[in-house]
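The values are calculated or read from the model by the stated rules, or taken from the named source; none is laboratory data. Just so you know, these numbers come straight off a predicted model, no measurement behind them. Because the Cβ atoms are built from the backbone with ideal geometry, glycine has one as well, and the counts that use them run over all protein chains shown. Note: areas computed on protein heavy atoms with side chains; ligands, DNA, RNA excluded. Shrake-Rupley method; radii C 1.70, N 1.55, O 1.52, S 1.80 Å.
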Amino acid sequence: MSIIFVVLHYQNIEDTKNCISSIQSLQINKKQQIKIIIVDNKSPNYSGQELKNIYEKNKQIEVILLDKNYGFSYANNIGYQKAKKMNPNYIIMSNNDIIIEDSKFLLKLEEVFQKNSQVAVIGPDIQNRLSQHQNPLRKEILSLKKAYKLLFQQFVYKNLFIIPGINQLFCNWEEKRMEKWLSKYYEAERTLNFNEFFVPFGAFIIYTQNWIINEEVAFPSDTFMYLEEDFLGYYIKAKKHKILYSSQLIVRHLEGQSVQKSGKTKWRSMAFKSKHMYQALKKYIFFLKKERK
């Protein structure tokens, strides 16, 4: 039985090394084998090559150096397709800022799957630094009406961020608004009934053979960043795949260190996010309208 981790790397080598170390520390039974595929999304600080040099003699780890930054979905899918060719029992897609603190994680994963053998996608309890729960992301995908509303919002945001003097003031306002939004997000009820659908948080997703055998990609979207989970949620529903949330499986999400390491000022980081969110929303709206015809 093989388990392949696909870890997406960008810039922050310490996070990636810590993630890999936590994977290597996991207990496995005699039937389980672990392989790790690190996908470097063309890190401008050459940390991808540094990782390749560090792990070049480790047969358990492979580092893929991409020729450019392809964004979240496409880069992850490159790693997924490489893993799929090895016919594993599980492919686990992980951000590089994830730490698995439970040494029995993989043993518990096998127990969870044995009790739910029809499941294609498993979402663990993803907790941030403060032990707040991030998964499930939502119980329903983003609606077309909500997507249009957010599109207009991001159109206004991305233009405000380029106005000198206004951008910093707006950045401070947006930071406070996000703090309020996050407090509501973490206070939201996340208990699920058995077999209830949910939108999985994209930082850590487990695919079983029920998905691997039938699907060519991990994330069926072509956005550079953002809304990957909603595209995935729609696809899971459309293809009638079974998805399961397991509170027995817990991982720690350190959050956002790659962006911080890129050296962007706070308002530039927000402008970057707004720009790519706007582009993702346009693609998402086009996708939903096309699917409804």
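Annotations for the structure displayed:
- Qualifying positions in the stretch 1-21 - out of contact with any Lys or Arg (no Cβ under 6 Å at 6 or more places or on another chain), open to solvent by 10 Å² or more (accessible area, probe 1.4 Å) and under 14 Å from ASP97 (Cβ atoms): LEU8, TYR10, ILE13, GLU14, ASP15, LYS17, ASN18, SER21
- Residue, farthest from VAL112 (Cα to Cα), within the stretch 211-224, restricted to residues that are open to solvent by 50 Å² or more (accessible area, probe 1.4 Å) and either assigned to a helix (DSSP H, G or I) or of a type in the set (D, E, K, R) (or both): ASP222
- Just one of the listed residues (ASP40, ASP67) is surrounded by fewer than 16 Cβ atoms within 10 Å (Cβ to Cβ) and at pLDDT 95 or above, namely ASP67.
- Close pairs from the stretch 205-232: first farther than 11 Å from ILE91 by Cα, partner of a type in the set (Lys, Arg), Cβ under 7 Å, at least 6 apart: ASP222/LYS283; THR223/LYS283
- Single residue of TYR278, TYR234, TYR226 found to be modelled with pLDDT of 85 or more, on the phi > 0 side of the Ramachandran plot and among the hydroxyl-bearing types (Ser, Thr, Tyr): TYR226
- Criterion (part of a helix (DSSP H, G or I) and modelled with pLDDT under 95) met by exactly one of ASN159, ASN135: ASN159
- Selected residue [under 23 Å from MET93 (Cα atoms), more than 16 Å from the chain's Cα centre (by Cα) and open to solvent by less than 70 Å² (accessible area, probe 1.4 Å)] from PHE287, PHE197, PHE272: PHE197
- Qualifying residue in the stretch 21-30 (condition: of a type in the set (Gly, Ala, Ser), over 28 Å from SER221 (Cβ atoms) and modelled with pLDDT of 95 or more): yes
- Counted residues, the stretch 73-96 - those being buried (at least 21 other Cβ atoms within 10 Å of the Cβ) and under 17 Å from TYR226 (Cα atoms): 8
- GLU179 vs. criteria open to solvent by 20 Å² or more (accessible area, probe 1.4 Å), assigned to a loop (DSSP other than H, G, I, E, B), acidic (Asp, Glu) and out of contact with any strand residue (DSSP E or B) (no Cβ under 6 Å at 6 or more places or on another chain): no
- Among residues of the stretch 194-210, those that are among the hydrophobic types (A, V, I, L, M, F, W, C) and in a loop (DSSP other than H, G, I, E, B), counted: 5
- Qualifying residue in the stretch 116-130 (condition: assigned to a loop (DSSP other than H, G, I, E, B), over 16 Å from the mean Cα position of the chain (by Cα) and small (Gly, Ala, Ser)): yes
- Condition check for LYS17: under 19 Å from ALA203 (Cα atoms) and at pLDDT 95 or above: yes
- Test: ILE122 is surrounded by 17 or more Cβ atoms within 10 Å (Cβ to Cβ), touching a residue at least 60 places away in the same chain (Cβ under 8 Å), touching a helix residue (DSSP H, G or I) at 6+ places or on another chain (Cβ under 9 Å) and closer than 20 Å to LEU232 by Cβ: yes
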